[in-house]
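Chemist: This is the structure I have questions about; it appears just below.
The values are calculated or read from the model by the stated rules, or taken from the named source; none is laboratory data. This one's a predicted model, so the numbers in the text were calculated from it and none came from an experiment. Note: ideal-geometry Cβ built from the backbone for every residue, glycine included; neighbour counts use all protein chains shown. To get the accessible areas, we keep the full protein, side chains included, count just its heavy atoms, and leave off ligands, DNA and RNA. Shrake-Rupley method; radii C 1.70, N 1.55, O 1.52, S 1.80 Å.
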Amino acid sequence: MTCPTGKFAYRTRGAARRNLRNLRARGRSEVAPYPCPHCLAWHLTSHPRSSR
């Protein structure tokens, strides 16, 4: 599934989290799933959460 932003989109948070575990096992830097306001699906970010 693709978002209008061009990013890969996951239909559910659970699907994004499962893929996140697989990516981490392969050394990728993604750290968390987040909801997208454009496609209403989930993406993965490599940016740590802001502590504001």
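Chemist: State, to one decimal in nm, how far the label point of Cys36 lies from the label point of Met1, with both points 7 Å from Cα in the Cβ direction.
Modeler: 0.9
Chemist: Under the Cβ-under-4.7 Å rule, which cysteines of the chain stay unpaired?
Modeler: Cys36
Chemist: May I ask you to give the solvent-accessible area per residue for the chain, in square angstrom, as obtained with a 1.4 angstrom probe?
Modeler: Per-residue value: 80 Å².
Chemist: Roughly how compact is the chain, stated as its Cα Rg over 2.2 N^0.38 Å to two decimals?
Modeler: 1.11
Chemist: Within the chain, what whole-number % of the accessible surface is contributed by carbon and sulfur, with the 1.4 Å probe and all protein chains included in the calculation?
Modeler: Heavy-atom surface of the chain belonging to carbon and sulfur, 1.4 Å probe: 50 percent.
Chemist: Convert each backbone phi in the range 8-21 into a coupling constant with the Karplus relation 6.51 cos²θ - 1.76 cosθ + 1.60 (shift: θ = phi - 60°), then list the ³J(HN,Hα) values in order as whole Hz, x for Gly and Pro.
Modeler: Once rounded to whole Hz, the list reads 6, 10, 9, 5, 10, 4, x, 5, 5, 5, 5, 5, 4, 4.
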